Amino acid sequence: MQLQFSTAPQPAFHKNFDLIAKFLKDYIADGYQIFIASDSKKQTDRIAAIFADRGDNIAFTSVEKTLHEGFVDNDLKICFFTDHQIFDRFHKFSLKSDTARRGKAAMLLKDLNMLKLGDFVVHIDHGIGRFGGLLKTDINGKKQEVIKLFYKGDDIIFVSINALHKISKYRGKEGVEPQLSKLGTGAWERLKERTKAKVKDIARDLIKLYAQRLEQEGFAFSPDSYLQDELEASFIYEDTPDQSKATADIKQDMESLLPMDRLVCGDVGFGKTEVAIRAAFKAATDGKQVAVLVPTTVLAFQHFKTFSERLADFPVKIEYLSRAKTAKQTKEILENLENGKIDILVGTHKIVGKEVKFKDLGLLIIDEEQKFGVAIKEKLKNLKINVDTLTLTATPIPRTLQFSLMGARDLSIINTPPPNRYPVVTEIIDFDETIIRDAIRTEIDRNGQIFFINNRVQSIYFLENKLKKLIPEARIAVAHGQMPTTQLEETILDFMEYEYDVLLATTVIESGVDMPNVNTIFVNNANMFGLSDLHQLRGRVGRSNRKAYCYLITPEYKKVTDEARRRLQAIETFADLGSGFNIALQDLDIRGAGNMLGAEQSGFIAEMGYETYQKILAEAVQELRDEEFSDIFAEQKSEKIKTYVSDCVFESDLELNFPSYYVSNVSERMNLYRKLDSISNHADLEVFKQELTDRFGEIPQQGLDLIKVLPLRWLAMRLGVERLSLKNGNLSLFLVSKKDSPFYASEEFGLILNYLSQNPKNCRLGETEGKRFVRFVGINDVNQAVEMLEKILE
């Protein structure tokens, strides 16, 4: 038996809205219902806006779930079209193995951050020590758990599990062992003060620049046109949430009268260029010119190609300037630029030269600003005064840095990888000629190209001969930093133009080069690379919707050091783009801090460890905001709850822990204490309680009391409490120690005094050793303490 269906597939419109409109109007006239499906409501809204701007009267029903392909059903008289086919985009799909891989990655991260006996740790108040394990101790007859730390000269301190946020695993430069701190000498405090002073100098300059910018008047760009909507809708990938947010933030900046100065950070291949193209197009459609400044000729050519392909269907003239252009071509480009015939100019540092004159420059886009020299940066400062500026960087900016510099520079972080990216298949192999030959041939057979990384120039030509014998049909090019610059750039350009199949290179290709046709990479002697270098190198492949492969070639595995083996296992497990690397790759973060704040900062990072450096940085910037630059940040300040202390130390003689009968494994208990102590809001605290119950069953009372300490500390910080003691049925709050602190003129201090005057019998205000305190009697547990502070704040 045969069933007949009168259906037809969705036609190919190739983003041509004249064709789409005509097609849909004909169907509507014949009585058909129109449905347009998309996984994103924003996308169907965008299509409706394009129809409205064009004046097309096309009514359609949007469906918030899509199919792989659209269709027309002539029996039911419906057209069911998909947005990704209308715009020639890839259909987003999800990979089934994601969840399992994420679980494995999370376990590995936990492993990397786990404290083992003898590990170097940093205590914010005491400095660098060694971890001595988790111990049980008796305080007033009650069982408590503490952490033991060893310092120089076999000094020992015990740290309460409620103060674990003060301890972090030492992370400095890889392979460099830190010196243990000596307790009681004041050296650690002096190092912290010295670092804070230096950081303040740098941050002060950044904030001054920001203040100057607030006084300048720039150009306010018009709201989006339908051309802008069409360009964005035609992006062949679906926008990631971070991309959408970055785009919206940039447009908001451009449409305001203040000159924009925004930094967009995103991992390799996360779609920063697309965001820049949209900004450039917005400026060009408003009659302004755009300069795109890049560090190398290779990148200039690459950006020129990317911009040209992306804007091919739009009325925009794009050119590029570099050493590759002849004198005659350069002269012609400069004339056209001055006459306003060029909308977007891509180039190396040549475009900030004296002979380059724009008719009406409106937007400056800088790629990888940290790679330019001081002289160029000075020229840029003059250019940037009232021109909107957008800077792109692939070096991750550490999170604390993001928050602390938030006011001094507007930041957009792109952390989510694009959809349809397969994780790069990563394998650790020895120098196996069969595997290498087969992998290269497979890639060439699918018309792809290969990177082969060998970081020793001395052996690179020997390796070239070896590969030529192994795969005689492969066209192999060699590139390394000791070649003349022009020859190096020509080789890479020829490779981009598919003149070669294999590029045998040192790490010169590590940053910025985007070649979607390269989907296999070999890294020779991978055990000699740091985790961040391996991550950056692997990021060179897997930049299209093809499956990509990364082969890490190592000597015999037993000859590899334990540390290198751990790194290789980590990179093999973290196959996803952006899969928690922000935690695992501290050295990349350190590099980011160095780039943002100057190389001398990495010296401080080595001396005190990365997390401690971040804490000091955050404190320094907060002090500058509150004291020297309070007028500039007045608006931002009013939006959040004011706190007068950065931390509150909690002391108690109550039994507060997860008993060993509840969580028997010591390192697991330690992990739970660390995780609990890092929580900073009620929502995350509820999630933690739920996870704990799911894993170990009902939480015993002493565990519930321990969890309740966090909300108690948060309330205490709002009330200006530096130290909180709950012992012998008394609750003592030790207030801000600085006598001239604005806290003593605040509403919060007023609330404490008000409560004291109304309840003189059970509380009093006093002073001991120059420290002011408030003491409440008859407070026997954490719940009563929380209730007391809530009453004061009512």
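Some points to look at:
- For the range 54-89, the candidate set comprises residues that are under 30 Å from the mean Cα position of the chain (by Cα) and closer than 12 Å to Ser38 by Cα; within that set, the residue that is most open to solvent (accessible area, probe 1.4 Å) is Lys65.
- Selection status of Leu191, open to solvent by less than 70 Å² (accessible area, probe 1.4 Å) and part of a loop (DSSP other than H, G, I, E, B): no
- The range 700-731, residues that are in contact with a strand residue (DSSP E or B) (Cβ under 6 Å, 6 or more places away or on another chain), under 25 Å from Leu672 (Cα atoms) and open to solvent by less than 50 Å² (accessible area, probe 1.4 Å): Val709, Arg713, Ala716, Leu724, Ser725, Leu726
- Screening the candidates Arg213, Arg194, Arg204 for the property of being touching a strand residue (DSSP E or B) at 6+ places or on another chain (Cβ under 8 Å) and modelled with pLDDT under 90 yields one hit, Arg213.
- Within the range 205-230, the set of residues being polar (S, T, N, Q), within 29 Å of Phe307 (Cα to Cα), open to solvent by 40 Å² or more (accessible area, probe 1.4 Å) and not in a loop (DSSP other than H, G, I, E, B) is empty.
- The set of residues in the range 758-772 that are among the charged types (D, E, K, R) and open to solvent by less than 80 Å² (accessible area, probe 1.4 Å) contains only Arg772.
- So Lys547, is it outside any loop (DSSP other than H, G, I, E, B) and open to solvent by 30 Å² or more (accessible area, probe 1.4 Å): no
- Residue count for the range 728-764 satisfying the condition of being in contact (Cβ under 8 Å) with a residue 60 or more places away in the chain and not acidic (Asp, Glu): 6.
- Check on Ala474, in contact with an Asp or Glu (Cβ under 7 Å, 6 or more places away or on another chain) and surrounded by fewer than 21 Cβ atoms within 10 Å (Cβ to Cβ): yes
- Residue identified as in a helix (DSSP H, G or I), out of contact with any Pro (no Cβ under 6 Å at 6 or more places or on another chain) and hydrophobic (A, V, I, L, M, F, W, C) among Ile147, Ile202: Ile202
- Residue match in the range 574-590 (condition: modelled with pLDDT of 75 or more, in contact with a strand residue (DSSP E or B) (Cβ under 9 Å, 6 or more places away or on another chain) and either acidic (Asp, Glu) or in a loop (DSSP other than H, G, I, E, B) (or both)): no
- For the range 596-617, filtered to residues that are open to solvent by 10 Å² or more (accessible area, probe 1.4 Å) and modelled with pLDDT of 75 or more, the residue that is farthest from Lys196 (Cα to Cα) is Glu607.
The values are calculated or read from the model by the stated rules, or taken from the named source; none is laboratory data. Computed from a prediction, not measured in an experiment: that's the story for all the values here. When we count neighbours, we look across all protein chains shown, and the Cβ atoms used for this are built from the backbone with ideal geometry, even at glycine. These accessible areas exclude ligands, DNA and RNA; they are computed on the full protein's heavy atoms, side chains included. Shrake-Rupley method; radii C 1.70, N 1.55, O 1.52, S 1.80 Å.
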